[in-house]
Amino acid sequence: MKTFHSTLLSKLVFLSIFLIAAFAFTGCGKSVKRVASDSTIDLSGNWNDTDSRLVAEEMLNDCLTKPWYQNVVNAKNGQVPVVVIGRVRNLSTEHINTSTFINDIQRVLINSGKVDFVANAEERQQLRGEIDSQTSNATDETAKERGQEVGADLMLTGTINSIVDQSGGETVKFYQVDLELTDLQSHRKLWIGNKKIKKHIEKSALKL
Amino acid sequence: MRIESYFRINSRYLWSYSPFSILNSQLSNEASNVQSSTLNSQLRTKHLFLLLAVLLASCASPAKLRMERISKPIGEGNYEAAIENIEKNKKKLYNSEDALLLEFDMGVLLHYNQDYKESIKHFARAEEILDDLYTRSVSNEAAALLTNDNVRPYRSYPFEIQWLHKIQILNFLALGEIDGAVVQSRRALLAIQALREQEKKFNESGALQYLIALSFEWQNSEDDARIAYDNAKKHFETSYTPKLVAQIPQNEQEIIVVGYAGLSPVLGENKFWGTYAPDGVLYLNYRDANGKNQTTVLVALGLGGPGFSGQTMTIQFAIPKMVERPSQASAFLVSVNGDAKLTEPVSNIKSSMQKDLENGESTMLLRTAGRVIMRTIAASKAKNLMQTGNPYVDLVLNLGTDFGTGAMEQADLRLGSAMPLTLQLIRIPVEPGRHSLKIDVLDQWGRKTGSFAEKAVNVKKGEKVFIFAPALR
């Protein structure tokens with residue numbers, strides 16, 4: 001027959017063991033393993049590197065196969081168009097680093113070999129500062145001149161929007177990325193593309 | 001088998017309104033077997049003290065120490081020293097359960113110190129932690145049942161979550177990152193929506209809606225700005241609607257002074273002590289807000305049970321109460337090119353904290369009272385078990401058990417350590433160009449208690465320049 005005290009003590013001891021074990025399991029330290037940079041890992045459900053890469057690849061590949069491209073090349077007597085990346089505005093509900101998305105866009109466009117690129121407005125300021133510095137510091141043979149820049153034909157701009165619907169532990173996130181290619185001379189819009197991503201995120205109410 | 005049994009007891013305790021009868025009935029059924037003790041008393045004592053030591057070690061909170069360490073440099077306006085102090089003594093000042101609080105305090109202090117980029121990082125981490133805390137840890141909740149609420153991860157009060165978004169929006173506005181401020185505003189709207197769902201009586205901040213509106217306005221999102229301004233009018237925490245809501249300068253260049261005035265209230269312990277009599281009647285004594293001892297009688301049926309017939313136990317427990325601090329700063333007198341105007345309070349932590357504490361009081365009281373009664377019953381049983389027959393040893397054991405159970409009971413006093421009493425605002429439309437700005441700190445009687453160094457402010461066409469004036473004293 002079990003006695004009162006033995007049962008109580010057993011419970012207390014088991015509870016303390018359970019708590020210690022639970023703390024131990026929940027705080028098992030850090031582990032790091034290397035993964036391929038193009039692998040898809042979704043942790044929080046937020047916009048991540050995979051979204052940035054896939055959206056850039058899909059949208060720009062679509063962009064370069066549309067009729068505007070041949071029209072511009074013909075108008076330039078067979079020369080590839082020169083593109084400058086304008087602003088990609090983050091109008092979503094997350095603090096997205098748009099510069100990584102812009103880098104992905106540039107990578108896809110450059111690797112396609114179908115367009116030339118010029119530096120954006122911010123980079124141009126930096127480059128002009130360097131040229132100014134060369135004017136007074138570099139030798140005449142090596143110093144670069146002002147006024148020799150290549151003007152862009154087209155500007156790529158865009159927005160990242162999101163709509164979030166949430167209730168309790170469930171969230172549905174809808175992202176829409178819109179990109180536009182505009183002729184800098186005529187301000188005609190040559191191409192408009194968009195890509196939509198929908199994510200369903202569930203959070204558990206309890207854990208050990 | 002026994003572990004399963006414990007799970008059952010605790011999980012039922014977690015979700016049931018009348019849980020004590022479950023444990024009680026088990027204990028009382030077993031009480032009849034007390035006399036047939038088989039365990040060695042020394043072993044029993046060792047086990048209990050070991051458990052007590054583990055529990056006591058896990059439940060100490062550094063809330064008071066934290067407040068003592070950083071309130072002095074904050075009062076002197078030396079935010080850098082407060083930040084350094086936290087960085088050097090992180091482990092001493094914050095338990096692992098206080099991760100949210102650490103990020104929150106750092107975010108606030110870095111904001112006062114005008115390091116807006118770093119402040120943004122800390123608040124972003126605080127948001128991530130908050131998101132993760134949606135999932136509750138069963139082990140932490142179980143530990144809290146045995147010790148106190150300090151072993152649960154700090155989840156913050158609704159007013160603090162709203163302050164997090166307020167300061168984060170201001171961080172982006174200070175940097176002139178309008179898109180960032182608007183993103184944060186949208187995140188704030190999502191947080192407000194979640195709080196409306198979670199809280200029975202959600203005390204919504206008009207000031208947060210006002211800052212959201214300001215961000216949308218600067219981005220030229222007129223419809224969103226109008227909706228947020230309308231919401232702000234509905235939800236201002238102060239008893240009046242600030243005049244600045246009715247006078248919104250649209251798309252003009254402005255100097256906007258954001259002041260943080262006074263010292264926010266802190267949390268102190270409201271101690272309850274009393275006796276738990278047979279038949280489930282709880283006689284509770286407590287000290288009211290005026291310092292007078294009061295007595296109340298609560299009917300707690302089902303908590304006694306046959307095993308406790310004829311026994312009266314002493315219990316004590318503590319819940320947090322708001323303690324105000326005297327402030328030397330109540331408003332700011334802002335002079336632009338010699339033209340002086342007073343700031344307006346748009347947010348008052350005292351009133352929002354009071355409402356949040358009231359909203360959570362019944363749940364906290366139920367949880368605390370339940371925990372203490374359960375622990376007191378267990379302690380009473382444990383005392384019976386440990387009786388050695390030697391009156392001196394028994395006295396020491398009884399006192400030790402009472403001390404241990406009493407020491408375990410600590411109110412959860414955790415709260416943001418660097419919060420002001422009020423958020424003050426004034427918007428001054430100006431012409432593009434250079435302006436001279438002077439800010440004086442005033443107390444509640446309008447007397448000057450300090451001032452910020454006069455400086456020149458350059459305002460470009462269409463620009464809104466934010467100037468921050470923290471006076472937490």
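Since every read-out is calculated from the coordinates, none of them should be taken as a lab result. Keep in mind that what you see is a predicted model, and the values were worked out from it rather than measured. Here the Cβ positions follow ideal geometry from the backbone for every residue, glycine too, while neighbour counts run over all protein chains shown.
Placing unit charges on each Cβ (+1 for Lys and Arg, -1 for Asp and Glu) gives the range B:66-113 a dipole about its Cα centre, and among B:Gly75, B:Met106, B:Asn89 the Cα reaching farthest toward its positive end belongs to B:Asn89. Bridgeable lysines around B:Lys455 (alpha carbons under 17 Å apart, same-chain partners fewer than 8 residues away excluded): B:Lys341, B:Lys438, B:Lys464. For the range A:46-201, what does the alpha-carbon gyration tensor say about shape, rounded, prolate or oblate, given a ≥ b ≥ c as the root eigenvalues, a/c under 1.5 as rounded, and a/b over b/c as prolate? In terms of gyration-tensor shape, oblate. Taking every DSSP beta bridge that has both ends in the range A:46-201, the antiparallel portion is near 75%. At q = 0.12, 0.23, 0.25 Å⁻¹ the log10 of I(q)/I(0) for the range A:63-135 amounts to -0.48, -1.07, -1.13, computed by Debye summation with a single uniform scatterer per C-alpha, solvent ignored. Full extension of the segment from A:Asn97 to A:Ala205, taken as 0.36 nm per residue of separation minus the current Cα-Cα distance, would add 35.9 nm.
List, in the order given, every pair from B:Lys321/B:Lys355; B:Lys201/B:Lys350; A:Lys199/B:Lys117; B:Lys64/B:Lys92 whose Cα-Cα distance in the structure shown is over 21 Å.
Result: A:Lys199/B:Lys117 exceed 21 Å.
When B:Arg287, B:Arg434 are sorted by how many other C-beta atoms sit within 10 angstrom of their C-beta, beginning with the fewest, the order is B:Arg434, B:Arg287.
As a rough footprinting exposure proxy, the listed residues B:His435, A:His200, B:His122 were ranked by other beta carbons within 10 Å of their own, and the order from fewest upward is A:His200, B:His435, B:His122. When the Cα positions of B:Leu365, B:Ile439, B:Gln328 are compared along the charge dipole of the range B:317-440, B:Leu365 comes out farthest toward the positive end, with charges on each C-beta of Lys, Arg, Asp and Glu. Annotation: the residues B:Phe468, A:Phe174, sorted from fewest to most other C-beta atoms within 10 Å of their own C-beta, follow the order A:Phe174, B:Phe468. Approximating the spin labels as points 7 Å out from Cα along Cα→Cβ, the A:Ala121-to-B:Thr296 distance works out to 6.2 nm. Listed by number, the DSSP H helices of chain A that run 30 Å or longer by alpha-carbon position along their axis and have mean Kyte hydropathy of at least 0.0 are A:4-26. Of the residues A:Asn161, A:Gly129, A:Gln148, the one whose Cα sits farthest toward the positive end of the charge dipole of the range A:46-201, with +1 on the Cβ of Lys and Arg and -1 on the Cβ of Asp and Glu, is A:Asn161.
Can you give the charge dipole size of the range A:46-201 about its Cα centre, rounded to the nearest 20 debye, using +1 on the beta carbon of Lys and Arg and -1 on the beta carbon of Asp and Glu?
About 520 debye.
Counting helices only, and only those DSSP H runs with n ≥ 4, report the 222 nm mean residue ellipticity of chain A as the sum of -39,500 (n - 2.57) divided by its residues, in deg cm²/dmol to the nearest 500.
-12500 deg cm²/dmol
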